[in-house]
1. Modelled label-to-label distance, A:Leu63 and B:Arg163, 7 Å Cα→beta-carbon offset: nm?
2. In debye to the nearest 20, how big a dipole does the range B:322-427 give about its Cα centre with +1 on each Lys and Arg Cβ and -1 on each Asp and Glu Cβ?
3. Suppose every Lys and Arg Cβ carries +1 and every Asp and Glu Cβ carries -1, with no other charges. What dipole size does chain B come out with about its Cα centre, to the nearest 20 debye?
4. What is the spin-label model distance, in nm, from B:Gln108 to B:Lys293 if the labels are put 7 Å beyond Cα along the C-beta direction?
5. With just the Cα atoms defining each centre, how far is the range B:148-218 from the range B:413-447? Give it in Å.
6. Under the Karplus relation 6.51 cos²θ - 1.76 cosθ + 1.60, θ = phi - 60°, what is the ordered set of whole-Hz ³J(HN,Hα) values for the range B:428-435, x standing for Gly and Pro?
7. Could you tally up the Lys pairs in chain B with alpha carbons closer than 20 Å? Skip any pair fewer than 8 positions apart unless they're on separate chains.
8. Spin-label point model (7 Å from Cα, Cβ direction): what's the A:Ala91 to A:Thr70 distance in nm?
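The values are calculated or read from the model by the stated rules, or taken from the named source; none is laboratory data. Just so we're clear, the structure is a prediction, and the values are computed from it rather than from any experiment. As a convention, Cβ positions derive from the backbone with ideal geometry for all residues, glycine included, and neighbour counts pool all protein chains shown. SASA here: full protein model, heavy atoms, side chains in, ligands and nucleic acids out. Shrake-Rupley method; radii C 1.70, N 1.55, O 1.52, S 1.80 Å.
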Amino acid sequence: MRQNERLIVAACADTLFPPGGPIPVSGTEAGLVTYIAAYLRKLSRGRRLLIRLLFLFIELSPLVFGPRRTLFTRLQHDDRVRVFEQMAGSAMYLRHMAVLSLRTLMTMGYFACPEVAAAIIRRPPKEVTP
Amino acid sequence: MPGSRRSHHPPSAERGDAVNGPKLTDMPHQGVKVFADYTAPLTLACEAVVVGSGPGGAVVAKELAEAGLDVILLEEGPPFGAADFRQDAGASLRRTLREHGMRAAMGQTYMPTMQAVALGGGSLINSAICARAPAFALEHWRERTGIGLTRAELDPHYEKVERFLGVEPTRPETLGRRNQLFKAGCDALGISSEPTPRNVRGCKGSGECFTGCRTGAKKSTDVNYVPAAIRAGARVYTSVRAERLIHDGRAIRGITGHVVEPFTGRESHAVRITAQTVVLAAGCMQTPVILQKSGLGGRWVGDELQFHPGLALMAIYDEPIDPWEGATQGYHSLHFLEEGVKLEVLWAPPAILATRLPGIGHLYQRNLLNFDRMAPFDVIAAAERSRGKVRAPLFGWEPRISFDLHKDDMAVLMRGLAILSDISWASGAVGVLPGIVGLPDVLCSKEQAEMLRRAEVRPRDAVIASNHAFGTTRMSRRPEDGVVDEYGRHHTVQGLYVADSGLFVGSPSVNPMLTIMALADRVAQCIAGNR
Ligand SMILES: Cc1cc2nc3c(=O)[nH]c(=O)nc-3n(C[C@H](O)[C@H](O)[C@H](O)COP(=O)(O)OP(=O)(O)OC[C@H]3O[C@@H](n4cnc5c(N)ncnc54)[C@H](O)[C@@H]3O)c2cc1C
Ligand code: SF4
């Protein structure tokens, strides 16, 4: 992943899962940047390109739709939250799907962090043995 | 014995991706050829080559081998043993599914659809629900293309497959609260429901069917039909992609393809197999691609793609119910089947389901902390008015898939969602997450939830997905109306058969696997009888 993509992923990660919240692990602390980088590495070229375009779409989105005409990574946290909220409720299908896809990717990575999984799945199923 | 006894460890495509295979004490894949076994181009001959080891292909391979035919089974994916399954949803999707789990049908909406690429096909990662298609569904098939197939005719095949798989209703001790609450809601409303019949033995109710059964309880085709085929003398080659049929327009001569590396799909050695019989069971998305790329893309090939689109809601309870406990989809209701509605308890990797919880930031995290109080229920619709297409791509082998959900079928889905909401309230839910754009994130009372009945919801407003796909090489009495006859025989090319969900002439009204297997059994009987 390129450096600018790492910044976008980190910004998205901490917008969805900010520090100091009810789950005491933020998106970046949960290792989302590393998770996504590893995930991308193992995808086929075509799929990787699609996900890269998704990050670019998010980064450029505020320039077109606000709330401030700047890059996503340059926004303050509250404005980033607004970007995602607007996308989620958008009548434009592409924007709506973009945030849904991002959410899926990020949530998979968030759950892959053992501390996060332990906070959510408080009484895990008994370990299965073959 | 033609099948190799070598280890079946393919080389790791990338670090961490190695398929380790099962323990020595449990070797269901013994004799299966894997990527590491191929050191030169493969040139083989046999009587019958079967493409695809999912529910359709595995049945045909076993039955033909047991009938004494010299059989080769080709599978593009690798074998997975218990130790190869990953609990991380991202890793699991990427390793076991086509297009890394990102396959979607495009139309007026983007509809994710998953197909496995593994020994066992969809049976490896599905919920193991085994349901017989009701007589009325097969009656519709007959009306549509004039085939003579009846439920009475299919019943002996259903029985045979069920017996071999060991299908039994989900046991009470493995249900968990999620399944029990669905039953309680149905009971309170007088809606009939039942534990799902499944091909499992000794299920521990771990809810991990989607990422692969680590306990070995699920009886997917890679651990029963494929080993039985090998015992009867079949040769099984994984990591081999069948690509083009060898034919002269009248008779089949064999098939060509390539060895492909697991997980990356990189091509290596060429493969050429000569055979008098070729059975395509690559799934209803891949079989049309092979036909089209082989110059056999007639009028119906790839057309008439149908799905069971699905919609889900989350019921919220006021106390923890630990939804991750219990059989993956342990309960369902067939009460509204004739209206095109099937209701089910849903489960998938928690990370995938959690995506549906509302909120961004701290609100999302708070909702995640309440995940232990939620149960997902889903409706699948027969969607008989909706159609799509599968087309071979210009380059590569992944099909282009289109699908449009008819507005009346969308209305059926919404009706199902409203009934699921009723079931939720009747089971003691204190809230419902409908997951529909334009409606409140949380419905807080039964009265408020009545809006599900009035709302005009477009497919784009909902997260619709479907893993039941069929109909792209349908059966018909006359060649003008379909691709194959009711025994899976290609209408024009002698020796060519289809035995996957592409055979369906319409919705089976219930989950498709058992019907695919029963039809495949019938196809095999026909081939063996024609020798
Ligand atoms: C998550 C999930 C849950 C499901 N749950 C249920 C359930 O509980 N009950 C139920 O009835 N149904 C369920 N289904 C649907 C069911 O699994 C499928 O309908 C079924 O597997 C289809 O069988 P098939 O033989 O037609 O194709 P597949 O299962 O797709 O098998 C086709 C096989 O062919 C291989 N192949 C494809 N192309 C080639 C090629 N060119 N060369 C060589 N090999 C090739 C594929 O890798 C695959 O292994 C579920 C599906 C999914 C994805
Ligand atoms: S619920 Fe768990 S133990 Fe039971 S079949 Fe599915 S994965 Fe295996």
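1. So the two model labels end up 6.8 nm from each other.
2. 460
3. With Lys and Arg at +1 and Asp and Glu at -1, about 1000 debye.
4. Spacing of the two 7 Å Cα→Cβ label points: 3.3 nm.
5. Cα centroid of the range B:148-218 versus Cα centroid of the range B:413-447: 25 Å apart.
6. The phi angles translate into x, 5, 10, x, 9, 9, x, x Hz.
7. Lysine pairs satisfying the spacing and distance rule in chain B number 18.
8. That separation, rounded to one decimal, is 3.0 nm.
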